[in-house]
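A short worksheet on the structure shown next.
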Amino acid sequence: MSTARAAKLGVTPLGTVVHFGMPTSHPRHAITETEDIADALGVARRAWPDLADKPGALLRRLILEGRNAIVHSDADAVLASRQAVSETGGALTGVFGVDYLKTLREDWPE
């Protein structure tokens, strides 16, 4: 196959990837071990030494732990927002008179 044709198809000569004999029908993902990925794997090896010699398992664990951290972070943000609304709700009760909006709207051009 020519280099030009291979460049159009990508890294696989067939243009598609078929996983013969793979024990899964789920999509697979490839990741290049850049410096930051290598650093993350090093941190993961120290955190989970039982997975130290299994980079695929380390990546899976990192992904799942990252997902959990994001879910908890989002939940914490929602909780903080609800607490702020609860703590400040009604703080301005009585500050604006009964006719405040009517008076304000009288100044608006129609």
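Name the residues in region 60-90 that are under 30 Å from residue 30 (Cβ atoms) and either assigned to a loop (DSSP other than H, G, I, E, B) or of a type in the set (Gly, Ala, Ser) (or both), would you?
Across region 60-90, the qualifying residues are 66, 69, 73.
Looking at the structure I just gave you, is residue 65 under 17 Å from the mean Cα position of the chain (by Cα), of a type outside the set (S, T, N, Q) and at pLDDT 95 or above?
It is true that residue 65 is under 17 Å from the mean Cα position of the chain (by Cα), of a type outside the set (S, T, N, Q) and at pLDDT 95 or above.
Out of 103, 93, report the one residue that is over 26 Å from the mean Cα position of the chain (by Cα), of a type in the set (Val, Ile, Thr) and either exposed (fewer than 10 other Cβ atoms within 10 Å of the Cβ) or in a loop (DSSP other than H, G, I, E, B) (or both).
The conditions single out 93.
The values are calculated or read from the model by the stated rules, or taken from the named source; none is laboratory data. Quick caveat, the model's predicted, so the values are computed rather than measured. All Cβ positions, glycine included, derive from the backbone under ideal geometry; neighbour counts span all protein chains shown.
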